[in-house]
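K.L.:
Quick one: the structure is below, questions incoming.
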Amino acid sequence: MLHKIQFLAFTTALWIIGSGSVRAQDALPSEMQPDTPMAEVDRFDFLVYNLDGPLPLTDNPANELYHGIWNQGATFSYPNLQLPDTLAIDLRGYCMPTPSSRINDVFGFRPRRRRVHYGLDIKVEKGDTIRAAFDGKVRTRTFNKRGYGNYVIIRHENGLETLYGHLSESLVRENQLVHAGDPIGLGGSTGRSTGNHLHFETRLLGTALNPALMFDFQNGQSTGKQYIFSRKTATKEVQSSAAYVKVRQGDTLSAIAKRSGSSVKTICKLNGITQKSIIRPGQRLRVR
Ligand SMILES: [Zn+2]
């Protein structure tokens, strides 16, 4: 009984904290599919792009890196593709998707949401022009009521795919070639969102990278000419701060790993348990 009261008090406190000031960002709770988080890979590849001039826009951007896979209309799903160990991502020729410098929510694990936030939430007004971050080809332009709302995904020559979510309107069509700075949508709050903002993601082969490593919204510029992606650092960043989750009814270690952006192996190690250990509802597990 005491336990139940404590739990109620805890959730009420959370509710009070959570209902304080509502910023325009992704709504919670979210059952949004995070797609392919932090793929476990164990192979190396070292790819460096030509840094002598801007990457030309072709009809098949980064085709080699994506092994010819062009999953038009899909979100991010590359279960069979391996992340390179290192990759120099060319940032030249970028355009800030919005001149707004107000970040409403950063990238990373959100204990309150019990999930990873795979992008940046940038404050925009409804109807603000949202622009392509680099030259590229529109892979997906669709609508998801429970998630990103109206959203656009563009693949770029530098290997990145960028996603622009919660648009009030998309202005491009699938397979369209766009140049950096071309208007691709209008700011909005469609889908699971609490107010007008741009949810902006930068992904490499489906793995979310912190956009702030490449785009400095506060100063309205890229962080440099290139960003050196390292598989190790990218995985660490999402896992950097210690976090705990409460086991739900019917939970499995793999379900917990999936929604917290962790792995079964990590959870076992952090909690001194094995994959065969029995976990109980209400139990707290450290996930990073
Ligand atoms: Zn967001």
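K.L.:
Of the residues V22, V116, which is within 15 Å of the ligand (Cβ to nearest atom), modelled with pLDDT under 95 and part of a strand (DSSP E or B)?
P.N.:
V116 is the lone residue from the list that is within 15 Å of the ligand (Cβ to nearest atom), modelled with pLDDT under 95 and part of a strand (DSSP E or B).
K.L.:
Counting just the residues of segment 177-187 that are away from the ligand (no atom under 16 Å from the Cβ) and part of a loop (DSSP other than H, G, I, E, B), which one comes out surrounded by the most Cβ atoms within 10 Å (Cβ to Cβ)?
P.N.:
Keep residues of segment 177-187 that are away from the ligand (no atom under 16 Å from the Cβ), which gives 177-184, 186.
From what is left, the residues that are part of a loop (DSSP other than H, G, I, E, B) are 179-182.
Working: H179: 13, A180: 20, G181: 17, D182: 17.
Looking at the filtered set, the residue picked out is A180.
K.L.:
Then there's this: For G147, are the conditions met, namely being within 13 Å of the ligand (Cβ to nearest atom) and among the small types (G, A, S)? Break it down stepwise before answering.
P.N.:
Numbers: within 13 Å of the ligand (Cβ to nearest atom): yes; among the small types (G, A, S): yes.
The answer is yes for G147.
K.L.:
Just one of (1) within 15 Å of the ligand (Cβ to nearest atom); (2) part of a loop (DSSP other than H, G, I, E, B); (3) touching a residue at least 60 places away in the same chain (Cβ under 8 Å) trips up T190, so point out which.
P.N.:
Here T190 clears every test but (3).
K.L.:
What is the residue count in segment 277-288 for residues that are surrounded by fewer than 14 Cβ atoms within 10 Å (Cβ to Cβ), assigned to a loop (DSSP other than H, G, I, E, B) and of a type in the set (D, E, K, R)?
P.N.:
Count: 1.
K.L.:
Does L198 satisfy the criteria of being in contact with a Phe, Trp or Tyr (Cβ under 8 Å, 6 or more places away or on another chain) and not β-branched (V, I, T)?
P.N.:
Judged against the criteria, L198 is a match.
K.L.:
Any residue that is at pLDDT 90 or above and within 16 Å of the chain's Cα centre (by Cα) - is there at least one of those in segment 229-238?
P.N.:
yes
K.L.:
Test I122 against the criterion of being within 16 Å of the ligand (Cβ to nearest atom), within 17 Å of S222 (Cα to Cα) and either of a type in the set (A, V, I, L, M) or not in a loop (DSSP other than H, G, I, E, B) (or both), and give yes or no.
P.N.:
Yes: the conditions hold for I122.
K.L.:
Let me ask something else. Quick test for you: out of G191, G185, pick the one residue that is in the same structural domain as Q82 (by TED's automatic domain parsing) and more than 17 Å from R139 (Cα to Cα).
P.N.:
Result of the check over G191, G185: G191.
K.L.:
Just to be sure I understand, how many residues within segment 267-276 are surrounded by 11 or more Cβ atoms within 10 Å (Cβ to Cβ), part of a loop (DSSP other than H, G, I, E, B) and of a type outside the set (V, I, T)?
P.N.:
1
K.L.:
Something else now. When only residues in segment 99-108 that are away from the ligand (no atom under 13 Å from the Cβ) and not basic (K, R) count, which is surrounded by the most Cβ atoms within 10 Å (Cβ to Cβ)?
P.N.:
Of the residues in segment 99-108, the ones away from the ligand (no atom under 13 Å from the Cβ) are 99-102.
Imposing the further condition that a residue be not basic (K, R) reduces the set to 99-101.
Values: P99: 12, S100: 19, S101: 13.
Ranking the candidates gives S100 first.
K.L.:
Surrounded by fewer than 23 Cβ atoms within 10 Å (Cβ to Cβ), in the same structural domain as L83 (by TED's automatic domain parsing) and within 16 Å of the ligand (Cβ to nearest atom): is that true of R131 in this structure?
P.N.:
no
K.L.:
For E157, indicate whether it is surrounded by fewer than 22 Cβ atoms within 10 Å (Cβ to Cβ) and in contact (Cβ under 8 Å) with a residue 60 or more places away in the chain. Reasoning before the result, please.
P.N.:
Values: surrounded by fewer than 22 Cβ atoms within 10 Å (Cβ to Cβ): no; in contact (Cβ under 8 Å) with a residue 60 or more places away in the chain: yes.
For E157, the condition - surrounded by fewer than 22 Cβ atoms within 10 Å (Cβ to Cβ) and in contact (Cβ under 8 Å) with a residue 60 or more places away in the chain - is not met.
The values are calculated or read from the model by the stated rules, or taken from the named source; none is laboratory data. Since this is a predicted model, take the numbers as computed values, not measurements. We place every Cβ from the backbone using ideal geometry, glycine too, and count neighbours over all the protein chains shown.
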